[in-house]
Amino acid sequence: MKEVQAFIEEKKQKFAQTPFMKFLQDKSIDPRQRLAWAPAFAPFAMSFKDFNRNILRKEPADSQLQEMINQHSYEDGRHWVWFVQDMKLMGYDNPINYTDTLKFLWGEETIKVRKMAYDLFAICTFEEDILMKLVVVESIEATGNVALYEIAQVAKELQQITFQHHPYFGESHFAKETGHIQAEMDDVERFIESIQLTEAQKEKAFTLVEKVFADFTEAMDEMLTFAQKHPYDQPFTTMGNIKQSRTAA
Ligand SMILES: [Fe+2]
C-alpha cells in the first residue's frame, strides 16, 4: 500500500493548489462570501451520512479492516449534524418553498457535488475487496484534510463576525479529519502502509485514487463558481458575477 499512499500524497499536494483553495485563502474577500458555496454543498454533506452507514459499514465486521472501516463510518457518518448546525448559524434556515428547495438541491449548479456522491456509491456498493474501500476512504480523508484545513482558517475569520463556533466548517471538524481512516489503533498510517497489494489491486487502487480526486476537484470547482455567482446572503437566487472584494462598495 506504500506506493498507493505516496500517490495519494502526491494528489493531495495538487488538490491543495486548486483555484478553490486559493479562493478560500483570499483575505480580500469577505469570509462569508468565501463560504457562500456552503448551502450548495448539502447534497454531498447529507449523502455522506448514507455512504458511511449503508455502504462502508458492515455489522458485524468480518475482518480487522472492516472493523476499522466501521469505526470510521460511525465518526464520519455523524458529521452531517454539524453541517445542519452550521447552515442554521450561517443564516440559511429561512423558509423557502419546498419545490424551490428541490430545484436548488437537484439543480444545475450542484451537478458535480451530486456526482461526487453518486460515484462513491457506485465504486463501493458492490465492491467485494475491502482494500479498495480502504483506498477510497484514504483518498476521501486526504481531500478532507486539505479542504477542511483551509475552510477552518476562513471559519476563524467568520467567528470574529458571528461570535459563533462553526462545528462543520470550524477547526473542531478539521481536528477529526486526520487525513487517514479514523480507527482506534496506534499508528494507523504505518499499518496501512504495511498492507501488501497484488499488482492487479495496485492498478485498481491507482485508478480509484485518480477518480476520487478528480471528482473532489471538479465538485470544489463547481462550488467556487457557485460562490462567485451568489451573494452569501442570497444563495437561492442566481446572479451574474458579483463583487468579491470586501472593500468594494
Ligand atoms: Fe467529516
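The values are calculated or read from the model by the stated rules, or taken from the named source; none is laboratory data. Please read all numbers here as calculations on a predicted model, not as lab measurements. Every residue, glycine among them, receives a Cβ derived from its backbone with ideal geometry; neighbour counts consider all protein chains shown. Protein only, heavy atoms only, side chains kept; ligands, DNA and RNA dropped before computing areas. Shrake-Rupley method; radii C 1.70, N 1.55, O 1.52, S 1.80 Å.
Would you confirm, using the coordinates I've provided, whether R78 is closer than 25 Å to K176 by Cβ and open to solvent by 70 Å² or more (accessible area, probe 1.4 Å)?
In short, yes.
Would you be able to tell me the number of residues in segment 83-117 that are open to solvent by 40 Å² or more (accessible area, probe 1.4 Å) and either in a helix (DSSP H, G or I) or without any contact (Cβ under 8 Å) to a residue 60 or more places away in the chain (or both)?
Summing the residues that are open to solvent by 40 Å² or more (accessible area, probe 1.4 Å) and either in a helix (DSSP H, G or I) or without any contact (Cβ under 8 Å) to a residue 60 or more places away in the chain (or both) in segment 83-117 gives 20.
Have a look at F174, F169 and point out the one that is within 18 Å of R32 (Cα to Cα) and either within 11 Å of the ligand (Cβ to nearest atom) or within 14 Å of the chain's Cα centre (by Cα) (or both).
Matching residue, one of F174, F169: F169.
Just one of (1) at pLDDT 95 or above; (2) surrounded by 13 or more Cβ atoms within 10 Å (Cβ to Cβ); (3) of a type outside the set (G, A, S); (4) more than 16 Å from the ligand (Cβ to nearest atom) trips up F126, so point out which.
(2)
Against the condition within 16 Å of the ligand (Cβ to nearest atom) and over 24 Å from D215 (Cα atoms), how does Q85 come out, does it pass?
So Q85 passes the test.
Taking the condition of being assigned to a loop (DSSP other than H, G, I, E, B) and either in contact with a helix residue (DSSP H, G or I) (Cβ under 9 Å, 6 or more places away or on another chain) or in contact (Cβ under 8 Å) with a residue 60 or more places away in the chain (or both), how many residues in segment 150-175 meet it?
Here the count works out to 7.
Among A40, A6, which is the only one that is away from the ligand (no atom under 16 Å from the Cβ), part of a helix (DSSP H, G or I) and exposed (fewer than 14 other Cβ atoms within 10 Å of the Cβ)?
A6
Pick out the one residue from I96, I69 that is within 16 Å of the ligand (Cβ to nearest atom) and either at pLDDT below 95 or over 26 Å from Q153 (Cβ atoms) (or both).
Going through I96, I69 in turn, the sole match is I69.
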